[in-house]
């Protein structure tokens with residue numbers, strides 16, 4: 001079986017007709033028919049059923065389709081790895097970050113890549129998780145950080161750490177009886193005026209789900225989907241909020257906000273490193289992936305990113 005024949009087979013399966021596939025590939029339709037016939041003879045199975053409306057995969061064709069994409073991807077990756085062997089990692093790597101993660105990770109990661117791999121051009125893009133998921137599917141980004149991967153198919157996922165949410169307010173306008181730094185139960189937030197993202201936002205959904213049963217209703221007086229604006233509003237004393245420590249590390253470091261870990265219940269969320277295996281894995285993206293894991297570990301161990309590291313990071317496909 002020739003890899004060129006597999007590429008032709010995939011084109012026919014995707015286009016649904018020999019004529020359309022021939023046009024996409026750029027060869028004559030009779031030549032494509034011959035290549036398909038040769039492939040079917042070599043495999044000893046009919047791969048398509050012809051009809052006036054085009055072609056449909058047979059059971060044998062469906063089986064081949066499930067393997068063909070992976071085989072071709074492996075060959076492309078192997079060719080790329082061979083070409084890059086012995087060379088310094090180079091090229092552009094596009095990395096998608098939620099704003100809350102970008103606050104703590106993007107700068108030290110960029111500095112690490114620039115120092116250790118000066119030929120890699122890292123482009124860090126901040127966006128809401130919904131956009132990042134779309135970019136992963138469209139192969140617009142090479143790598144991404146996400147808090148949850150629902151709705152994504154056939155992605156490689158590495159869990160990096162788990163972080164707990166904290167309550168935030170200005171130190172001089174602290175609204176709780178207990179001082180900043182003292183763990184606070186959700187029930188103690190009853191009546192406290194909060195600014196949170198809208199109900200469709202992932203963070204808000206996590207908060208609502210985790211606090212259900214522990215408190216009747218959080219007193220959300222403002223809904224705002226901009227992380228920077230939420231922190232600015234809280235720093236001005238207009239309301240309090242609930243965020244992951246990574247998201248508020250800048251304001252907390254400047255003394256504009258103080259925090260307490262939320263308990264009873266603890267509200268935690270995982271942080272994932274995600275890539276789409278359909279997008280060719282370049283040596284540059286592999287180096288950035290390895291550097292990300294190392295930088296995250298260093299940030300957590302030095303207390304720059306408050307969270308619990310996963311004991312052994314391992315990629316899985318979901």
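Taking region 28-49 and a reference point 7 angstrom along Cα→Cβ of residue 4, the backbone N atoms nearer than 16 Å belong to 28-40. Site pair residue 293 and residue 217 shows an inter-label distance of 4.7 nm when each label is modelled 7 Å from Cα along Cα→Cβ.
Look at the alpha carbon pairs under 8 Å that are at least 6 residues apart: their mean separation over the length of region 51-205 gives a relative contact order of 18 percent.
From most to least packed by mean Cβ count within 10 Å, the peptides 112-121, 154-163, 25-34, 94-103 give 94-103, 154-163, 112-121, 25-34. If you average the alpha carbon positions of region 98-161 and of region 5-65, how far apart do those two centres end up, in angstrom? Cα centroid of region 98-161 versus Cα centroid of region 5-65: 37 Å apart.
For the chain, the share of DSSP beta bridges that are antiparallel, to the nearest 5, is 65%. As a length-normalised measure over Cα pairs under 8 Å and 6 or more apart, the relative contact order of the chain settles at 24 percent. In region 231-318, Cα pairs under 8 Å separated by at least six residues give a relative contact order of 22 percent.
Compute the acute angle (0 to 90°) between the alpha-carbon long axis of helix 3-15 and the principal axis of greatest extent of the alpha-carbon atoms of the chain; round to the nearest 10°. The angle comes out near 70 degrees. Of all beta bridges that DSSP places with both ends in region 16-175, some 30 percent have antiparallel geometry.
Against the chain, whose longest principal axis comes from its Cα atoms, helix 202-211 is set at around 60 degrees. In the chain, helical runs assigned H by DSSP with n ≥ 4 each contribute -39500 (n - 2.57); averaged across all residues and rounded to the nearest 500, the mean residue ellipticity at 222 nm is -13500 deg cm²/dmol. Axis of helix 59-84 versus longest Cα principal axis of the chain: the two differ by about 70°, to the nearest ten degrees. Go ahead and collect, in residue order, the members of region 269-313 whose backbone nitrogen is under 13 Å from a label point 7 Å along the Cα-Cβ direction of residue 209. Counting backbone N atoms under 13 Å from the label point, the list is 269-270. Here the peptides 238-251, 44-57, 199-212 are ranked by packing, the mean other Cβ count within 10 Å, and the order with the highest first is 238-251, 199-212, 44-57.
None of the figures in this text is laboratory data; all of them are computed from the coordinates on show. In this text the structure is predicted, and so the values were computed from the model without any measurement. Cβ: placed from backbone, ideal geometry, glycine included. Neighbour counts: every protein chain shown.
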